[in-house]
Protein chains: 2
Amino acid sequence: MRKESSTNFENQQTLTDFCNASKTLMLISGRWKLSLLFSLLEHNSRTFSDFKQIVPAISDRILALQLKQLTEDSLIAKQKRENFMFYTLTEKGKSLKDILVNLAKWQTNLE
Amino acid sequence: MRKESSTNFENQQTLTDFCNASKTLMLISGRWKLSLLFSLLEHNSRTFSDFKQIVPAISDRILALQLKQLTEDSLIAKQKRENFMFYTLTEKGKSLKDILVNLAKWQTNLE
DNA sequence: CGCATGACTAACAATTTTGTAAGCAGTCCC
DNA sequence: GGGACTGCTTACAAAATTGTTAGTCATGCG
(Lines give C-alpha, C1' and ligand atoms only; values in the text may rest on other atoms or scores of the structure.)
Protein backbone atom coordinates (compact mmCIF):
# COMPACT_ATOMS: atom_id res chain seq x y z
CA MET A 1 0.00 0.00 0.00
CA ARG A 2 2.86 2.29 0.75
CA LYS A 3 5.61 2.90 -1.68
CA GLU A 4 8.70 3.31 0.39
CA SER A 5 10.72 4.92 -2.35
CA SER A 6 8.53 7.90 -3.09
CA THR A 7 9.23 11.50 -2.28
CA ASN A 8 5.88 11.49 -0.59
CA PHE A 9 6.98 8.74 1.76
CA GLU A 10 10.34 10.32 2.46
CA ASN A 11 8.74 13.63 3.22
CA GLN A 12 6.45 11.96 5.68
CA GLN A 13 9.51 10.61 7.44
CA THR A 14 11.23 13.97 7.45
CA LEU A 15 8.12 15.54 8.81
CA THR A 16 7.66 13.18 11.71
CA ASP A 17 11.33 13.43 12.59
CA PHE A 18 11.11 17.17 12.54
CA CYS A 19 7.84 17.60 14.37
CA ASN A 20 6.60 15.37 17.16
CA ALA A 21 3.10 16.69 16.95
CA SER A 22 2.88 15.32 13.42
CA LYS A 23 3.46 11.83 14.73
CA THR A 24 0.53 12.12 17.05
CA LEU A 25 -1.57 13.64 14.34
CA MET A 26 -0.88 10.76 12.02
CA LEU A 27 -2.26 8.26 14.49
CA ILE A 28 -5.61 9.95 14.58
CA SER A 29 -5.99 11.12 11.02
CA GLY A 30 -7.99 8.84 8.86
CA ARG A 31 -11.63 8.99 8.07
CA TRP A 32 -13.90 8.15 11.00
CA LYS A 33 -11.02 7.39 13.34
CA LEU A 34 -12.03 10.11 15.74
CA SER A 35 -15.62 8.93 15.70
CA LEU A 36 -14.52 5.43 16.52
CA LEU A 37 -12.30 6.61 19.35
CA PHE A 38 -14.99 8.83 20.82
CA SER A 39 -17.49 6.04 20.75
CA LEU A 40 -15.03 3.85 22.65
CA LEU A 41 -14.43 6.60 25.18
CA GLU A 42 -18.14 6.49 25.88
CA HIS A 43 -18.85 2.82 25.80
CA ASN A 44 -15.67 1.04 26.55
CA SER A 45 -16.30 -1.93 24.32
CA ARG A 46 -17.73 -2.26 20.84
CA THR A 47 -18.10 -4.80 18.08
CA PHE A 48 -17.65 -4.33 14.36
CA SER A 49 -21.40 -4.18 13.92
CA ASP A 50 -21.80 -1.63 16.67
CA PHE A 51 -19.55 0.70 14.78
CA LYS A 52 -21.52 0.24 11.61
CA GLN A 53 -24.66 1.30 13.40
CA ILE A 54 -23.02 4.29 14.98
CA VAL A 55 -21.59 5.50 11.67
CA PRO A 56 -23.88 4.10 9.01
CA ALA A 57 -22.10 5.84 6.14
CA ILE A 58 -18.91 3.93 6.69
CA SER A 59 -18.20 1.00 4.40
CA ASP A 60 -17.03 -2.37 5.65
CA ARG A 61 -13.69 -2.02 4.01
CA ILE A 62 -12.90 1.38 5.43
CA LEU A 63 -14.13 0.45 8.87
CA ALA A 64 -11.92 -2.62 8.88
CA LEU A 65 -9.01 -0.56 7.65
CA GLN A 66 -9.35 2.13 10.28
CA LEU A 67 -9.74 -0.44 13.03
CA LYS A 68 -6.68 -2.24 11.77
CA GLN A 69 -4.58 0.89 11.80
CA LEU A 70 -5.76 1.89 15.24
CA THR A 71 -4.90 -1.60 16.42
CA GLU A 72 -1.48 -1.55 14.81
CA ASP A 73 -0.80 1.76 16.47
CA SER A 74 -1.91 0.22 19.78
CA LEU A 75 -4.62 2.74 20.44
CA ILE A 76 -7.22 0.01 20.54
CA ALA A 77 -7.13 -3.74 21.02
CA LYS A 78 -9.45 -6.48 20.00
CA GLN A 79 -10.29 -9.67 21.75
CA LYS A 80 -12.79 -12.46 21.50
CA ARG A 81 -15.46 -12.96 24.11
CA GLU A 82 -18.36 -15.37 23.71
CA ASN A 83 -17.68 -15.76 20.01
CA PHE A 84 -17.73 -12.06 19.34
CA MET A 85 -14.86 -9.74 18.67
CA PHE A 86 -14.75 -6.77 20.99
CA TYR A 87 -12.74 -3.63 20.48
CA THR A 88 -11.56 -1.63 23.47
CA LEU A 89 -9.21 1.25 24.11
CA THR A 90 -5.73 0.43 25.30
CA GLU A 91 -4.04 2.51 27.97
CA LYS A 92 -2.29 4.36 25.18
CA GLY A 93 -5.62 5.02 23.56
CA LYS A 94 -7.14 6.24 26.79
CA SER A 95 -4.25 8.61 27.30
CA LEU A 96 -5.36 10.45 24.18
CA LYS A 97 -8.62 11.41 25.83
CA ASP A 98 -7.64 14.94 26.82
CA ILE A 99 -6.36 15.69 23.37
CA LEU A 100 -9.53 14.42 21.74
CA VAL A 101 -11.76 16.30 24.10
CA ASN A 102 -9.77 19.47 23.54
CA LEU A 103 -10.06 19.14 19.79
CA ALA A 104 -13.81 19.00 20.16
CA LYS A 105 -13.95 21.75 22.75
CA TRP A 106 -11.88 24.12 20.68
CA GLN A 107 -14.31 23.84 17.83
CA THR A 108 -17.30 24.22 20.12
CA ASN A 109 -15.89 27.35 21.66
CA LEU A 110 -15.78 28.98 18.27
CA GLU A 111 -19.51 28.83 17.88
CA MET B 1 -10.27 20.70 -6.86
CA ARG B 2 -13.09 19.18 -4.86
CA LYS B 3 -15.85 17.25 -6.42
CA GLU B 4 -18.87 18.17 -4.42
CA SER B 5 -20.95 15.28 -5.63
CA SER B 6 -18.75 12.42 -4.50
CA THR B 7 -19.43 10.02 -1.69
CA ASN B 8 -16.08 11.00 -0.36
CA PHE B 9 -17.15 14.62 -0.11
CA GLU B 10 -20.51 13.78 1.42
CA ASN B 11 -18.89 11.58 4.00
CA GLN B 12 -16.59 14.36 4.97
CA GLN B 13 -19.65 16.51 5.60
CA THR B 14 -21.36 13.82 7.60
CA LEU B 15 -18.25 13.36 9.62
CA THR B 16 -17.75 16.97 10.55
CA ASP B 17 -21.43 17.29 11.44
CA PHE B 18 -21.19 14.27 13.61
CA CYS B 19 -17.92 14.97 15.32
CA ASN B 20 -16.66 18.42 16.26
CA ALA B 21 -13.16 17.21 16.84
CA SER B 22 -12.97 16.23 13.20
CA LYS B 23 -13.56 19.80 12.18
CA THR B 24 -10.61 20.94 14.21
CA LEU B 25 -8.51 18.11 12.92
CA MET B 26 -9.22 19.04 9.33
CA LEU B 27 -7.84 22.51 9.83
CA ILE B 28 -4.47 21.22 10.88
CA SER B 29 -4.12 18.15 8.72
CA GLY B 30 -2.15 18.69 5.59
CA ARG B 31 1.48 18.12 5.00
CA TRP B 32 3.75 20.54 6.85
CA LYS B 33 0.89 22.54 8.31
CA LEU B 34 1.95 21.76 11.84
CA SER B 35 5.52 22.69 11.08
CA LEU B 36 4.40 26.00 9.67
CA LEU B 37 2.22 26.71 12.67
CA PHE B 38 4.93 25.79 15.15
CA SER B 39 7.41 28.00 13.41
CA LEU B 40 4.96 30.89 13.66
CA LEU B 41 4.39 30.19 17.33
CA GLU B 42 8.10 30.69 17.80
CA HIS B 43 8.80 33.59 15.55
CA ASN B 44 5.60 35.46 15.12
CA SER B 45 6.20 36.53 11.56
CA ARG B 46 7.61 34.74 8.55
CA THR B 47 7.96 35.15 4.83
CA PHE B 48 7.47 32.58 2.12
CA SER B 49 11.23 32.18 1.79
CA ASP B 50 11.65 31.77 5.54
CA PHE B 51 9.38 28.76 5.43
CA LYS B 52 11.33 27.28 2.57
CA GLN B 53 14.49 27.47 4.61
CA ILE B 54 12.88 25.99 7.68
CA VAL B 55 11.43 23.07 5.74
CA PRO B 56 13.71 22.61 2.74
CA ALA B 57 11.91 19.52 1.48
CA ILE B 58 8.72 21.39 0.82
CA SER B 59 7.98 22.39 -2.75
CA ASP B 60 6.80 25.84 -3.73
CA ARG B 61 3.47 24.57 -4.81
CA ILE B 62 2.70 22.70 -1.64
CA LEU B 63 3.93 25.49 0.55
CA ALA B 64 1.72 27.97 -1.26
CA LEU B 65 -1.20 25.56 -0.99
CA GLN B 66 -0.83 24.96 2.72
CA LEU B 67 -0.43 28.65 3.42
CA LYS B 68 -3.50 29.36 1.36
CA GLN B 69 -5.59 26.84 3.26
CA LEU B 70 -4.38 28.08 6.62
CA THR B 71 -5.24 31.60 5.50
CA GLU B 72 -8.68 30.61 4.27
CA ASP B 73 -9.33 28.92 7.58
CA SER B 74 -8.19 32.11 9.31
CA LEU B 75 -5.47 30.48 11.33
CA ILE B 76 -2.90 32.73 9.76
CA ALA B 77 -3.00 36.05 7.92
CA LYS B 78 -0.72 37.65 5.44
CA GLN B 79 0.14 41.26 4.95
CA LYS B 80 2.61 43.34 3.07
CA ARG B 81 5.31 45.31 4.85
CA GLU B 82 8.18 47.00 3.08
CA ASN B 83 7.49 45.14 -0.12
CA PHE B 84 7.53 41.74 1.53
CA MET B 85 4.65 39.48 2.40
CA PHE B 86 4.61 38.46 6.03
CA TYR B 87 2.59 35.63 7.50
CA THR B 88 1.47 35.81 11.11
CA LEU B 89 -0.87 33.85 13.34
CA THR B 90 -4.34 35.21 13.86
CA GLU B 91 -6.00 35.13 17.26
CA LYS B 92 -7.76 31.99 16.13
CA GLY B 93 -4.44 30.49 15.17
CA LYS B 94 -2.89 31.44 18.48
CA SER B 95 -5.75 29.83 20.33
CA LEU B 96 -4.66 26.49 18.91
CA LYS B 97 -1.39 26.69 20.78
CA ASP B 98 -2.35 24.45 23.67
CA ILE B 99 -3.64 21.79 21.35
CA LEU B 100 -0.51 21.84 19.25
CA VAL B 101 1.75 21.72 22.26
CA ASN B 102 -0.23 18.84 23.70
CA LEU B 103 0.02 16.89 20.49
CA ALA B 104 3.78 17.21 20.66
CA LYS B 105 3.94 16.52 24.37
CA TRP B 106 1.86 13.39 24.13
CA GLN B 107 4.28 11.92 21.65
CA THR B 108 7.28 12.95 23.69
CA ASN B 109 5.88 11.36 26.81
CA LEU B 110 5.75 8.03 25.04
CA GLU B 111 9.49 7.89 24.59
C1' DC C 1 -29.48 -29.00 6.48
C1' DG C 2 -30.48 -24.10 4.88
C1' DC C 3 -30.32 -19.61 5.97
C1' DA C 4 -28.99 -15.51 8.68
C1' DT C 5 -25.57 -12.85 10.99
C1' DG C 6 -20.82 -11.22 12.25
C1' DA C 7 -16.42 -9.96 10.84
C1' DC C 8 -14.01 -9.54 7.67
C1' DT C 9 -11.02 -9.64 2.52
C1' DA C 10 -10.12 -9.12 -2.60
C1' DA C 11 -10.37 -6.77 -6.84
C1' DC C 12 -11.22 -2.79 -8.74
C1' DA C 13 -12.49 2.26 -9.47
C1' DA C 14 -13.00 7.08 -8.10
C1' DT C 15 -11.25 10.91 -5.67
C1' DT C 16 -7.91 13.52 -3.24
C1' DT C 17 -3.38 14.74 -1.93
C1' DT C 18 1.24 15.47 -2.88
C1' DG C 19 5.22 16.28 -5.94
C1' DT C 20 7.82 18.11 -10.50
C1' DA C 21 8.95 21.26 -13.76
C1' DA C 22 8.54 25.32 -15.68
C1' DG C 23 7.31 29.99 -15.91
C1' DC C 24 5.86 34.78 -14.65
C1' DA C 25 5.17 39.52 -12.62
C1' DG C 26 7.15 42.72 -9.43
C1' DT C 27 11.01 44.79 -7.11
C1' DC C 28 15.98 45.67 -6.21
C1' DC C 29 20.73 46.40 -7.55
C1' DC C 30 24.57 47.13 -10.43
C1' DG D 1 18.91 47.05 -19.15
C1' DG D 2 20.31 42.45 -17.46
C1' DG D 3 20.41 39.54 -13.59
C1' DA D 4 18.75 37.89 -9.24
C1' DC D 5 15.46 37.28 -5.75
C1' DT D 6 10.54 36.91 -3.80
C1' DG D 7 6.15 35.01 -4.04
C1' DC D 8 3.63 32.94 -6.30
C1' DT D 9 0.71 30.00 -10.55
C1' DT D 10 -0.04 26.50 -14.24
C1' DA D 11 0.00 22.12 -16.29
C1' DC D 12 1.02 17.73 -15.50
C1' DA D 13 2.20 13.25 -13.09
C1' DA D 14 2.62 10.10 -9.17
C1' DA D 15 0.96 8.26 -5.05
C1' DA D 16 -2.26 7.76 -1.24
C1' DT D 17 -6.84 7.50 0.52
C1' DT D 18 -11.50 6.38 0.17
C1' DG D 19 -15.52 3.93 -1.83
C1' DT D 20 -18.14 -0.17 -4.44
C1' DT D 21 -19.23 -4.66 -5.21
C1' DA D 22 -18.96 -9.08 -4.43
C1' DG D 23 -17.46 -12.50 -2.14
C1' DT D 24 -15.47 -15.71 2.13
C1' DC D 25 -15.41 -18.35 6.43
C1' DA D 26 -17.18 -19.27 10.92
C1' DT D 27 -20.84 -19.65 14.08
C1' DG D 28 -25.77 -20.03 15.59
C1' DC D 29 -30.62 -21.39 14.99
C1' DG D 30 -35.00 -23.35 13.47
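Below is a table of values for the structure above.
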item: Listed pairs A:K3/A:K52; A:K3/A:K68; A:K68/B:K23; A:K33/B:K3; A:K33/B:K97 exceeding 26 Å between Cα atoms; result: A:K3/A:K52
item: Relative contact order [Cα under 8 Å, 6+ residues apart], chain B, whole percent; result: 22 percent
item: Calculated FRET value between B:T16 and A:M26, using beta carbons and R₀ = 25 Å, to 0.05; result: 0.80
item: Descending semi-axes in whole angstrom, ellipsoid equivalent of chain B, from the Cα gyration tensor; result: 25, 19, 14
item: Carbon and sulfur %, accessible surface of the protein assembly as shown computed with the full protein complex present, 1.4 Å; result: 48 percent
item: J(HN,Hα) series, segment A:89-105, from Karplus relation 6.51 cos²θ - 1.76 cosθ + 1.60, nearest Hz, glycine and proline x; result: 6, 7, 4, 4, x, 4, 5, 7, 3, 4, 4, 5, 4, 5, 4, 5, 5
item: Solvent accessible area, Å² - B:S59, 1.4 Å probe, full protein context; result: 50 Å²
item: At 0.890 mPa s and 25 °C, Stokes D of the protein assembly as shown from Kirkwood alpha-carbon radius, µm² per second; result: 130 µm²/s
item: Buried solvent-accessible surface, both chains (A, B), 1.4 Å probe, Å² to nearest 100; result: 3200 Å²
item: Peptide B:24-36, shielding by other chains (average Cβ, 10 Å cutoff); result: 5
item: Where labels lie 7 Å past Cα in the beta-carbon direction, separation of A:Q53 and B:E91 in nm; result: 4.5 nm
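The values are calculated or read from the model by the stated rules, or taken from the named source; none is laboratory data. Keep in mind that what you see is a predicted model, and the values were worked out from it rather than measured. Quick reminder, even Gly has a Cβ in these numbers, built from the backbone with ideal geometry, and neighbours come from all protein chains shown. Surface accessibility is based on the protein's heavy atoms, side chains included, excluding ligands, DNA and RNA. Shrake-Rupley method; radii C 1.70, N 1.55, O 1.52, S 1.80 Å.
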